[in-house]
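Asks: My questions all concern the structure below.
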Amino acid sequence: MNNKEIINIVKQVQPLISKVYNTNCKVELHNNIYERLSGIDGMDGEYKPYGEYDWNYKKIYLYTNRMDSIEQIVKTLLHETVHSTQSKELFDYYYDIGHTYDSHPLECQARYHEKYWKSYKINKEICII
């Protein structure tokens with residue numbers, strides 16, 4: 001999917017998700033985490049997240065190189081929005097005591113909410129650029 005398609009989907013669904021979860025997260029697109037953190041176009045690496053929540057800036061980063069469907073975009077927005085409602089200290093604590101992504105209780109909670117992605121109706125006609 002190209003950035004315009006992704007932006008159109010985000011514009012449709014993020015206000016609805018924000019309302020449901022009572023948050024107001026900004027969404028920013030980047031090709032991948034390496035380009036975002038380094039500021040260098042073309043930078044890449046092994047770690048390939050779909051998105052990330054930044055507690056300091058109350059911002060969701062979507063990594064466009066992983067966004068290949070409406071489903072993936074909405075699931076990622078839901079997942080990261082759930083993180084915005086969680087405690088950063090508790091989030092870090094679970095990793096500090098040895099939880100992996102698969103066993104981390106707050107990651108499990110965020111993944112659970114992804115199943116509601118179909119609740120958010122997308123007007124596909126306005127997403128085609």
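Just so you know, all these numbers are worked out from the coordinates, no wet-lab data involved. Because the structure is predicted, anything quoted here is derived from the model rather than measured. No Cβ is skipped: glycine too gets one built from the backbone with ideal geometry, and neighbour counts run over all protein chains shown.
Asks: Quick one: in region 79-105, which of the residues that are closer than 23 Å to Met67 by Cα and without any contact (Cβ under 8 Å) to a residue 24 or more places away in the chain is surrounded by the fewest Cβ atoms within 10 Å (Cβ to Cβ)?
Replies: Only one residue fits best here, namely Asp102.
Asks: Let me ask something additional. What's the number of the condition Tyr21 fails, among (1) surrounded by 12 or more Cβ atoms within 10 Å (Cβ to Cβ); (2) without any contact (Cβ under 8 Å) to a residue 24 or more places away in the chain?
Replies: It fails just one condition, (2).
Asks: For Gln72, work out the one condition from (1) free of Cβ contacts under 8 Å to residues at least 24 places away in the same chain; (2) in contact with a strand residue (DSSP E or B) (Cβ under 9 Å, 6 or more places away or on another chain); (3) within 16 Å of Ile6 (Cβ to Cβ) it doesn't fulfil.
Replies: That leaves (2) as the condition not met.
Asks: Report, by residue number, each residue of region 1-43 that is in contact with a strand residue (DSSP E or B) (Cβ under 8 Å, 6 or more places away or on another chain), among the β-branched types (Val, Ile, Thr) and farther than 16 Å from Thr85 by Cβ. Give the steps one after another, and end with the answer.
Replies: Here is the first cut: in region 1-43, the ones in contact with a strand residue (DSSP E or B) (Cβ under 8 Å, 6 or more places away or on another chain) are 3, 6-7, 10, 14, 25-33, 36.
From what's left, among the β-branched types (Val, Ile, Thr): 6-7, 10, 27, 33.
Hits for region 1-43 are Ile6, Ile7, Val10, Ile33.
Asks: Being outside any loop (DSSP other than H, G, I, E, B) and either of a type outside the set (Phe, Trp, Tyr) or under 10 Å from Thr76 (Cβ atoms) (or both) is the filter here, so list the residues in region 32-52 that pass it. Explain how you work it out, then say what you get.
Replies: Step one: of region 32-52, the residues outside any loop (DSSP other than H, G, I, E, B) are 33-38, 51-52.
Once the filter is applied, which keeps residues that are outside any loop (DSSP other than H, G, I, E, B) and either of a type outside the set (Phe, Trp, Tyr) or under 10 Å from Thr76 (Cβ atoms) (or both), region 32-52 yields Ile33, Glu35, Arg36, Leu37, Ser38, Gly51, Glu52.
Asks: Checking the condition within 21 Å of Ile33 (Cβ to Cβ), of a type in the set (Phe, Trp, Tyr) and touching a helix residue (DSSP H, G or I) at 6+ places or on another chain (Cβ under 7 Å), which residue from Tyr50, Tyr116, Tyr95 passes? Break it down stepwise before answering.
Replies: Details: Tyr116 fails: within 21 Å of Ile33 (Cβ to Cβ); Tyr95 fails: touching a helix residue (DSSP H, G or I) at 6+ places or on another chain (Cβ under 7 Å).
Among Tyr50, Tyr116, Tyr95, only Tyr50 is within 21 Å of Ile33 (Cβ to Cβ), of a type in the set (Phe, Trp, Tyr) and touching a helix residue (DSSP H, G or I) at 6+ places or on another chain (Cβ under 7 Å).
Asks: Please state which one of Ile7, Ile17, Ile33 is more than 25 Å from Pro105 (Cβ to Cβ) and not charged (D, E, K, R).
Replies: Details: Ile17 fails: more than 25 Å from Pro105 (Cβ to Cβ); Ile33 fails: more than 25 Å from Pro105 (Cβ to Cβ).
Exactly one of Ile7, Ile17, Ile33 is more than 25 Å from Pro105 (Cβ to Cβ) and not charged (D, E, K, R), namely Ile7.
Asks: Please go through region 24-40 and pick out each residue that is on the phi < 0 side of the Ramachandran plot and either surrounded by 18 or more Cβ atoms within 10 Å (Cβ to Cβ) or out of contact with any helix residue (DSSP H, G or I) (no Cβ under 6 Å at 6 or more places or on another chain) (or both).
Replies: Hits for region 24-40 are Cys25, Lys26, Val27, Glu28, Asn32, Ile33, Tyr34, Glu35, Arg36, Leu37, Ser38, Ile40.
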